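Structure, as structure tokens:
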Amino acid sequence: MDDSSCAENLSSQNRSASCNGSTAGGPEDAFKYFRGHTARCLEFAKQAKDKGRKIIGIYCEFTPRELILAAGAVPICLCGGSQSTISAAEEDLPNNLCPLIKSSYGYIKQGSCPFFEMAEAVVAETTCDGKKKMYELLSDRKKLHILELPQKPDQEQAYRHWLAEVKQLRDFLEELCSVKISDEKLRRSIRVLNSERSLRQKVYAYGAYNPPYLRGTEASLLAGRIAGMPSDEAAYKELLEALEKRRQNAQATAAGEAVRVLVTGVPMVTGAEKLLEIIEQAGGAVVAQENCTGIKPVAEPVAEDGDPIEAIARKYFALPCSCMTPNNRRLELLDELIELYKPQVVIDLVWQACHTYNVESLLVRKHLADKHGLSYLKIETDYSPSDREQIAMRVQALLEVANSGGSQVG
Ligand code: SF4
Ligand code: SF4
């Protein structure tokens, strides 16, 4: 199947919902909403656009979505998880670039990301070099606003610069959407997105039980494309009720002896979740995901008191991405997640040619060994399925060592 368009991705997600053996009325039913989220987002975006709302494309968790919502616009994560768009991208981009960047660019080159097509503008950031330069190539297709992200998270001066950038984004959005972004509107959007963060965290918490009541492949469905969609709140609440029923009925999602795995590293956007599938097929239980498609963006709320734009700037500036130096907050977040989710092993996913996550993996590995004595495995891969067997063998070996009570660093 050619999965190069979002609509096609969606129909495959819906199919997998029924292939997974969902039973009408059973707990898995509650996930159907999230499995069908891309199509729902597309429909929502079309209707919003018809009503005159601006669509704003985004690529990264540093984008302060609260500002876009407060401008009356719709923030949408653009497509970037398909292997099938990479060959088109490689006609223009170097082969040794991260698949996330190549796939994102390929979607746009092929005109197969419907969200980009309907977007009024794209808001992006100076995070890693490949992404930053790829954005320049988009500038003749779409209005671009680039936030310059200072990369020393512990320096107040760097934060002040970021705050000025966030204020510039507010000015850009006010002009684009012909609105005034008042503090009151900002506070409202902060509350909406904090509530969504809190609901997502409550769902993730079902992975903390032993045995767990949430699969990693289920948790990955929650990283939706559109933040603050009104129908999401009820869906989260329904999902939480279903998970609670699953817990009360002792319907664990993995056997008690399954090795508990914490996944860290690069984001796994829709379509690029092969590592999660491999771990679960090997009998492991992915209990937590410390990455941008997991817990990282929802770990901290935006403060609801004080100046709202400063609160927004503070929250996003604290995001522990590997483009920051030093990125000690990632290690601190890992400490918290290890305490909460009690993993037996950590798997660090690095997309090929992602230099920041690749180099940082040494610090992560040392930290996990020195402070926690945890087994660690780094997987460096791309979107292609060609190395699935090889990855599966390495994961299987890690799980066997953990099962036998040993430890492994690889
Ligand atoms: S890992 Fe970093 S660059 Fe990638 S989405 Fe997250 S914050 Fe953005
Ligand atoms: S995975 Fe790494 S190289 Fe790819 S976009 Fe994210 S930070 Fe950049």
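Is there a residue in segment 284-292 that is at pLDDT below 95, crowded, with 23+ Cβ neighbours inside 10 Å, away from ligand 1 (no atom under 12 Å from the Cβ) and of a type outside the set (S, T, N, Q)?
Within segment 284-292, none of the residues are at pLDDT below 95, crowded, with 23+ Cβ neighbours inside 10 Å, away from ligand 1 (no atom under 12 Å from the Cβ) and of a type outside the set (S, T, N, Q).
Does segment 269-277 contain any residue that is in contact with a Pro (Cβ under 6 Å, 6 or more places away or on another chain), within 16 Å of ligand 1 (Cβ to nearest atom) and among the β-branched types (Val, Ile, Thr)?
Taking segment 269-277 as the starting set, the residues that turn out to be in contact with a Pro (Cβ under 6 Å, 6 or more places away or on another chain) are none.
No: zero hits.
Could you check segment 310-344 and list, in sequence order, the residues that are within 16 Å of ligand 2 (Cβ to nearest atom) and without any contact (Cβ under 8 Å) to a residue 24 or more places away in the chain?
Within segment 310-344, no residue meets the criteria.
Within 15 Å of ligand 1 (Cβ to nearest atom) and out of contact with any Phe, Trp or Tyr (no Cβ under 7 Å at 6 or more places or on another chain): which single residue out of Gln168, Gln151 fits that description?
On the way: Gln168 fails: within 15 Å of ligand 1 (Cβ to nearest atom).
One residue alone meets the criteria, Gln151.
Looking only at segment 198-227, how many residues end up being assigned to a loop (DSSP other than H, G, I, E, B) and over 22 Å from Pro75 (Cβ atoms)?
Let us first name the residues in segment 198-227 that are assigned to a loop (DSSP other than H, G, I, E, B), namely 208-215, 223-225, 227.
Still in the running and over 22 Å from Pro75 (Cβ atoms): 208-215.
Of the residues in that region, 8 qualify.
Answer with yes or no whether Glu304 is part of a helix (DSSP H, G or I), touching a residue at least 24 places away in the same chain (Cβ under 8 Å) and closer than 30 Å to Glu174 by Cα.
No; evaluated as a whole, the condition is false for this residue.
Considering every residue within segment 60-71, establish whether at least one is within 16 Å of ligand 2 (Cβ to nearest atom), modelled with pLDDT of 95 or more and of a type in the set (Val, Ile, Thr).
Looking for residues that are within 16 Å of ligand 2 (Cβ to nearest atom), modelled with pLDDT of 95 or more and of a type in the set (Val, Ile, Thr), one finds at least one in segment 60-71, hence yes.
Given the conditions (1) modelled with pLDDT of 95 or more; (2) within 25 Å of Arg188 (Cβ to Cβ); (3) buried (at least 21 other Cβ atoms within 10 Å of the Cβ); (4) of a type outside the set (S, T, N, Q), and given that Phe44 satisfies all but one, which numbered condition is not satisfied?
Phe44 satisfies all of (1) modelled with pLDDT of 95 or more; (2) within 25 Å of Arg188 (Cβ to Cβ); (3) buried (at least 21 other Cβ atoms within 10 Å of the Cβ); (4) of a type outside the set (S, T, N, Q) except (3).
Which of the residues spanning segment 228-275 are assigned to a helix (DSSP H, G or I) and either within 16 Å of ligand 2 (Cβ to nearest atom) or charged (D, E, K, R) (or both)?
Asp232, Glu233, Lys237, Glu238, Glu241, Glu244, Lys245, Arg246, Arg247, Lys274, Leu275, listed by residue number.
Inside segment 384-407, can you point out the residues that are modelled with pLDDT under 95, of a type in the set (S, T, N, Q) and either surrounded by 16 or more Cβ atoms within 10 Å (Cβ to Cβ) or assigned to a helix (DSSP H, G or I) (or both)?
Asn403
Is it the case that some residue within segment 334-355 is surrounded by 19 or more Cβ atoms within 10 Å (Cβ to Cβ), under 17 Å from the mean Cα position of the chain (by Cα) and among the polar types (S, T, N, Q)?
no
Taking the condition of being of a type in the set (A, V, I, L, M, F, W, C), farther than 21 Å from Tyr383 by Cα and touching a Leu at 6+ places or on another chain (Cβ under 9 Å), how many residues in segment 335-350 meet it?
The qualifying residues number 3.
Of all the residues that make up segment 324-383, how many are of a type in the set (Lys, Arg), within 30 Å of Asn95 (Cα to Cα) and in a helix (DSSP H, G or I)?
Number of matching residues: 2.
Quick one: which of Leu349, Leu340, Leu334, Leu362 is touching a His at 6+ places or on another chain (Cβ under 8 Å) and at pLDDT 95 or above?
After applying the criteria, what remains is Leu334.
Among the numbered criteria (1) within 24 Å of Pro267 (Cα to Cα); (2) basic (Lys, Arg); (3) in contact (Cβ under 8 Å) with a residue 60 or more places away in the chain, which one does Arg188 miss?
The number of the failed condition is (1).
The values are calculated or read from the model by the stated rules, or taken from the named source; none is laboratory data. Not measured: the values here are computed from a predicted model. Here the Cβ is made from the backbone with ideal geometry for all residues, glycine too, and neighbour counts use every protein chain on show.
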